[in-house]
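What follows is one structure encoded as structure tokens, with my remarks underneath.
The values are calculated or read from the model by the stated rules, or taken from the named source; none is laboratory data. Fair warning: this is a prediction, and the values are worked out from it, not measured in the lab. Note that we place each Cβ from the backbone using ideal geometry, even for glycine, and neighbour counts take in every protein chain shown.
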Amino acid sequence: MSAGKKVVWTAAYLRRDDGTVLVRRRGQGVIDAGMYGPPGGKLEVGETIEECLYRELEEETGLLGADAKLVQIYDTTRGVCFFYRVHWWEGDLTSEHGHGSWFWLRPEQIKDEPTQGGLAAWLGRETPGCVALLGNHDMELYQIIEEARARMQARIDGPEIRQLLDLWSALAQFSQALGLDALGQTAETVATDLLRAIHPPNDKDAL
């Protein structure tokens, strides 16, 4: 795992009752050009992960989303992807100029097509360089989190801290729901440390 700072982004998985999912083939001149992928994008300074999810969904598709559930976190060579299933949406589907058109397709229709890592992994494909962080290997995950924690604590400054707090709080909640106690406790500790960095206890609190 690289010691450099990684990008955090979100991906929105929309699946209709007929089994089709919302994807587009990305246009030329953009990251992952020619690959199929879901709506999503990079986390901006000062916003939470869910704010990023809904903002990117609306900007890229014109749809307003709600009732999103975190289903996986993927560590990739490009960064960390928070992969959400969005259960409700409304609006008219639109496309950004030059970024490719959106289609409702069945997963089997793109099974032999180049697909972005998070979506490919969620659909059960081999995805070299894309690792699911939420699994059944408690101690392995614990080591990953400890390594990331040490790096992140050295970068606590400015508005980025809100992103980190949101990230670790979400990870703590989700891992505890899965029964991954070691991972959940570590993530919760990190979130507490970050919260204290935002709101240091005053002298009265220490009495």
**OP:** Out of the residues in the range 27-40 that are within 19 Å of the chain's Cα centre (by Cα) and modelled with pLDDT under 90, state the one that is surrounded by the most Cβ atoms within 10 Å (Cβ to Cβ).
**Re:** Met35
Original post:
Would it be correct to say that Tyr54 is assigned by TED's automatic domain parsing to the domain that holds Leu119, hydroxyl-bearing (Ser, Thr, Tyr) and either in contact with a helix residue (DSSP H, G or I) (Cβ under 8 Å, 6 or more places away or on another chain) or part of a loop (DSSP other than H, G, I, E, B) (or both)?
Top reply: no
Original post:
Can you pull out the residues in the range 98-112 that are under 26 Å from Val8 (Cβ atoms) and not aromatic (Phe, Trp, Tyr)?
Top reply: Gly98, His99, Gly100, Pro107, Ile110
**OP:** From Thr20, Thr48, grab the single residue that is in the same structural domain as Thr127 (by TED's automatic domain parsing), within 14 Å of Phe103 (Cα to Cα) and of a type in the set (Val, Ile, Thr).
**Re:** Thr20
**OP:** Mind listing whichever residues of the range 69-109 are of a type in the set (D, E, K, R) and part of a strand (DSSP E or B)?
**Re:** Lys69, Asp75, Arg85, Glu90
Subject >> Flag for Thr61 being under 15 Å from the mean Cα position of the chain (by Cα) and either within 20 Å of Thr20 (Cβ to Cβ) or of a type outside the set (Phe, Trp, Tyr) (or both) >> reply: no
Original post:
From the residues in the range 42-91 that are within 20 Å of Arg26 (Cα to Cα) and of a type in the set (Asp, Glu), which one is surrounded by the fewest Cβ atoms within 10 Å (Cβ to Cβ)?
Top reply: Glu59
Original post:
If Ala66 satisfies every condition in (1) under 13 Å from the mean Cα position of the chain (by Cα); (2) assigned to a strand (DSSP E or B) but one, which is the exception?
Top reply: (1)
**OP:** Test Glu60 against the stated conditions and say whether it is assigned to a helix (DSSP H, G or I) and either in contact (Cβ under 8 Å) with a residue 24 or more places away in the chain or more than 25 Å from Pro128 (Cα to Cα) (or both).
**Re:** yes
Original post:
For the range 64-73, what are the residues that are of a type outside the set (Gly, Ala, Ser) and closer than 13 Å to Tyr13 by Cβ?
Top reply: Asp67, Lys69, Leu70, Val71, Gln72
